[in-house]
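The values are calculated or read from the model by the stated rules, or taken from the named source; none is laboratory data. Keep in mind that what you see is a predicted model, and the values were worked out from it rather than measured. Don't worry about glycine lacking a Cβ; one is built from the backbone with ideal geometry, like all the others, and counts go over all protein chains shown. Heads up: the accessible areas ignore ligands, DNA and RNA and are worked out on the full protein's heavy atoms, side chains in. Shrake-Rupley method; radii C 1.70, N 1.55, O 1.52, S 1.80 Å.
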Amino acid sequence: PSILMLPSIYSFAEQCTRTYMDDPSFPFGILLQQGSNWQLLDQTSGMCADTFSCAFENCEFPASIIGRDFTPGPDLSRFVNETVAVLAENEEALNFPDRILHPASIADVVASVRFAGEHGVPLTVKTSGHHYSSASARRGTLNVNTRGLPAYSSLIQECGTPADGDMSYAASACRLALARGKTALVRVGGGEVWDAVLRSVLAFNSDPANAEGNKYMALSGASGTVSAAGGWLASGGNSAMRGQRLYGLGVDQVLQMEMVLPDGTHVRFGPIEWENDPGYLYPKTTLVGGYCNENTVADESAWVWKECDIVDFGKLWMAARGGGGGTWGIVTSLIYQLHPRPVGGHRFMKFLPLTNNTDVWSTILDDKNMTRSLDEAVEDFKIEFYHNPGALGVSEEDSNACGCDWSAYPHFKLPKWGQD
């Protein structure tokens, strides 16, 4: 099939909308309650995003749609046709790109970026469509959907000491990892999501051949469908549930990056010199080096890397790790460090009700002073636990090893009324 597709209202209605509308959170929920992003992520059109509202600019429903009945019925074709009609009535507010490109290789990405530059076509870049305002697929753009790019995360690499003068991608990453006290890494393709990476780490840890070997963990996003090399990383890489307080943000885990720049140059880059500093979690980077690929073909074994200075790689290293998704180029792969697997697994802070007595909770929730006191007690405890753990008899290590949980107070579920 062609890797270049023309988006259409019908494709969106056919492939995306039923997942949204079958879900009890529709239309105003921000998370699918029963459906799954997996039902949206790899639809052939590449048009689906997290929520139905992201079919429209800034993920906002037009006023004419709010309150409309979109209840799916048993007749799927009728439902799709009715949805098409509603979308067509609001076509001016739709946020569909002009074309969607599904590159299968670096050669495809380079060609698309160069074409866009030569013809003044704006580009957007999408992996999973998790962006809260749908910046990964803007109206009037050529949208590059990276899901079909080569994947690499199935291989976990343990680092030996690189040979002197070996400046290959993996060797450069291992050299930095070892300087940080880390012994393993994983290369992640530009279209991969965290589910693939975490499954790979789990498979390595569970492999009988590695029964006596090291076990690892990856600092990651909280959802398996979040892109591992896309917007999550480019926005800083929040990992409150996956070890952030121990190991830093997602951007702190990157050892090397590979991307296609806005002029179509394919580069890889990363730190080549650093120094230890007591004020830093990891050695402080003092020099970043970069290489340009002089043979951008699909076959990676034929790539020819030469040292180059086409950009200031030091500034690009800083910008690409937190400076916004798709802003500085299209990430085609990167290498993350892995950490020793925590003994006992991850720890989460949860607040659970001490009673399921609905009369007690009615009394508390009806009294604003009691509710305020409960809020303050919980927040005071969290502040002490995270920032002054010794006051609670908690060690710094245990404090830093604890992350949040979606069901943490004040979001824990109170007992259903009428349940003792």
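How many residues are over 19 Å from Q337 (Cβ atoms), in contact with a Ser or Thr (Cβ under 7 Å, 6 or more places away or on another chain) and of a type in the set (A, V, I, L, M) if we restrict to the range 240-272?
Looking only at that region, the number is 1.
Can you tell me which residue in the range 382-396 is least open to solvent (accessible area, probe 1.4 Å), limited to those that are part of a helix (DSSP H, G or I) and not aliphatic (A, V, I, L, M)? Before the answer, list the steps.
Just the residues of the range 382-396 that are part of a helix (DSSP H, G or I), to begin with: 382-387, 389-392, 396.
Those still in the list that are not aliphatic (A, V, I, L, M) too: 382, 384-387, 389-390, 396.
On the way: K382: 44, E384: 64, F385: 30, Y386: 47, H387: 145, P389: 3, G390: 59, E396: 115 Å².
Looking at the filtered set, the residue picked out is P389.
Kindly establish whether T83 is open to solvent by less than 50 Å² (accessible area, probe 1.4 Å), closer than 26 Å to W194 by Cβ and not charged (D, E, K, R).
Values: open to solvent by less than 50 Å² (accessible area, probe 1.4 Å): yes; closer than 26 Å to W194 by Cβ: no; not charged (D, E, K, R): yes.
Judged against the criteria, T83 is not a match.
Pairs only if they're at least six apart or on different chains, beta carbon under 6 angstrom, first in the range 1-28 and open to solvent by less than 30 Å² (accessible area, probe 1.4 Å), second of a type in the set (S, T, N, Q) and modelled with pLDDT under 80; list them, first residue then second.
D23/Q33; D23/Q34; S25/Q33
Modelled with pLDDT of 90 or more and not small (G, A, S) - does that describe any residue in the range 339-357?
Of the range 339-357, the ones modelled with pLDDT of 90 or more are 339-340.
Cutting the leftovers down to not small (G, A, S) gives us 339-340.
Taking every residue of the range 339-357 in turn, at least one turns out to be modelled with pLDDT of 90 or more and not small (G, A, S).
This table checks each residue for (1) more than 29 Å from the chain's Cα centre (by Cα); (2) at pLDDT 90 or above; (3) part of a helix (DSSP H, G or I).
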position	(1), (2), (3)
V86	yes, no, yes
D108	no, yes, yes
A116	no, yes, yes
A135	no, no, no
P150	no, yes, no
P162	yes, yes, no
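Residues in the range 237-268 that are open to solvent by less than 10 Å² (accessible area, probe 1.4 Å) and part of a helix (DSSP H, G or I): how many?
Number satisfying all stated conditions: 2.
Exactly one of (1) closer than 27 Å to I310 by Cα; (2) touching a strand residue (DSSP E or B) at 6+ places or on another chain (Cβ under 9 Å); (3) aromatic (F, W, Y) is unmet by Y282. Its number?
Of everything listed in (1) closer than 27 Å to I310 by Cα; (2) touching a strand residue (DSSP E or B) at 6+ places or on another chain (Cβ under 9 Å); (3) aromatic (F, W, Y), Y282 misses just condition (1).
Residues in the range 181-196 that are open to solvent by 10 Å² or more (accessible area, probe 1.4 Å) and over 13 Å from R147 (Cβ atoms): how many?
Of the residues in that region, 4 qualify.
Residues in the range 59-71: is at least one buried (at least 16 other Cβ atoms within 10 Å of the Cβ), under 15 Å from A13 (Cβ atoms) and in contact (Cβ under 8 Å) with a residue 60 or more places away in the chain?
Among the residues of the range 59-71, not one is buried (at least 16 other Cβ atoms within 10 Å of the Cβ), under 15 Å from A13 (Cβ atoms) and in contact (Cβ under 8 Å) with a residue 60 or more places away in the chain, which makes the answer no.
If I335 meets every condition in (1) open to solvent by 20 Å² or more (accessible area, probe 1.4 Å); (2) in contact (Cβ under 8 Å) with a residue 60 or more places away in the chain; (3) touching a Leu at 6+ places or on another chain (Cβ under 6 Å); (4) not polar (S, T, N, Q) apart from one, which number is that one?
(1)
Residue-by-condition table, conditions (1) touching a strand residue (DSSP E or B) at 6+ places or on another chain (Cβ under 9 Å); (2) under 28 Å from Q157 (Cβ atoms):
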position	(1), (2)
A319	no, yes
T327	no, no
L354	no, no
D398	yes, no
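Among (1) in contact with a helix residue (DSSP H, G or I) (Cβ under 8 Å, 6 or more places away or on another chain); (2) open to solvent by 10 Å² or more (accessible area, probe 1.4 Å); (3) under 30 Å from E92 (Cα atoms), where does V144 come up short?
Condition (2) is where V144 drops out.
So in the range 346-381, with the set limited to residues that are part of a helix (DSSP H, G or I) and of a type in the set (A, V, I, L, M), which one is farthest from the chain's Cα centre (by Cα)?
The initial filter retains those residues of the range 346-381 that are part of a helix (DSSP H, G or I), namely 358-366, 368-381.
Add one more test, that the residue is of a type in the set (A, V, I, L, M), and what stays is 360, 364-365, 370, 374, 377-378.
Details: V360: 41, I364: 39, L365: 37, M370: 39, L374: 34, A377: 33, V378: 30 Å.
Result: V360.
Would you be able to tell me the number of residues in the range 274-311 that are within 20 Å of D166 (Cβ to Cβ), exposed (fewer than 11 other Cβ atoms within 10 Å of the Cβ) and charged (D, E, K, R)?
Here the count works out to 2.
Quick check: anything in the range 159-182 aromatic (F, W, Y), closer than 30 Å to D50 by Cα and in contact (Cβ under 8 Å) with a residue 12 or more places away in the chain?
The initial filter retains those residues of the range 159-182 that are aromatic (F, W, Y), namely 169.
After this cut, where a residue has to be closer than 30 Å to D50 by Cα as well, the list is none.
No.
Which pairs turn up if I take residues in the range 98-114 that are open to solvent by less than 40 Å² (accessible area, probe 1.4 Å) and look for partners that are among the small types (G, A, S) and in a helix (DSSP H, G or I) with beta carbon separation below 6 Å, at least 6 apart in sequence or on another chain?
Pairs that qualify, where the first residue is open to solvent by less than 40 Å² (accessible area, probe 1.4 Å) and the partner is among the small types (G, A, S) and in a helix (DSSP H, G or I), are L101/S112.
How many residues does the range 358-381 contain that are closer than 26 Å to N400 by Cα, surrounded by 13 or more Cβ atoms within 10 Å (Cβ to Cβ) and at pLDDT below 85?
Of all residues in the range 358-381, those closer than 26 Å to N400 by Cα come to 374-381.
This time we only want the ones that are surrounded by 13 or more Cβ atoms within 10 Å (Cβ to Cβ), so: 374, 378, 381.
Among the residues that remain, those that are also at pLDDT below 85 are: 374, 378.
Number of matching residues: 2.
Here is a yes/no grid of residues against (1) in a loop (DSSP other than H, G, I, E, B); (2) at pLDDT 90 or above:
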{"residue": "E14", "(1), (2)": "no, no"}
{"residue": "S25", "(1), (2)": "yes, no"}
{"residue": "G46", "(1), (2)": "yes, yes"}
{"residue": "S53", "(1), (2)": "no, no"}
{"residue": "F61", "(1), (2)": "yes, no"}
